[in-house]
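The values are calculated or read from the model by the stated rules, or taken from the named source; none is laboratory data. In this text, all values refer to a predicted model and were calculated from it rather than measured experimentally. So basically every Cβ, Gly included, is an ideal-geometry build from the backbone, and we count neighbours across all protein chains shown.
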Amino acid sequence: MRGTPVADRSTSQRVIEAVAETTDSDPTEVGPLYHVVDPEALDNLFAPTPGSGRRGGQVEFTFAGCDVVVRADGSVEVSEREAGGGAVEDDRARAGTNRDRP
């Protein structure tokens, strides 16, 4: 799935919906987002800003067997990871390293 547009839903909700659509799952079945990223922090980071908005930047993480990119404009891009095992363990491992990235 590419470029889910910003809507009235929170960023974390759009991530869950985009992953569910990409994996052909129900949003309630993709697992808890908080295992890989703090949903409240994600929502706050991409909350609307006064003026001209954000100029750039993005957040990348792995969730439910998918690579997720949230861009400065709030768009969400999701792509399934190639089969090869360990998606849950990989999600947890990457979650710890993402917190340390600038």
Please tell me if Val30 is surrounded by 11 or more Cβ atoms within 10 Å (Cβ to Cβ), closer than 17 Å to Val69 by Cβ and at pLDDT 90 or above.
yes
Between a first residue in the range 16-28 that is touching a residue at least 60 places away in the same chain (Cβ under 8 Å) and a second residue that is among the β-branched types (Val, Ile, Thr), which pairs have beta carbons less than 9 Å apart while being 6 or more apart in sequence or on different chains?
Ala18/Thr4; Ala18/Val68; Ala18/Val76; Ala18/Val78
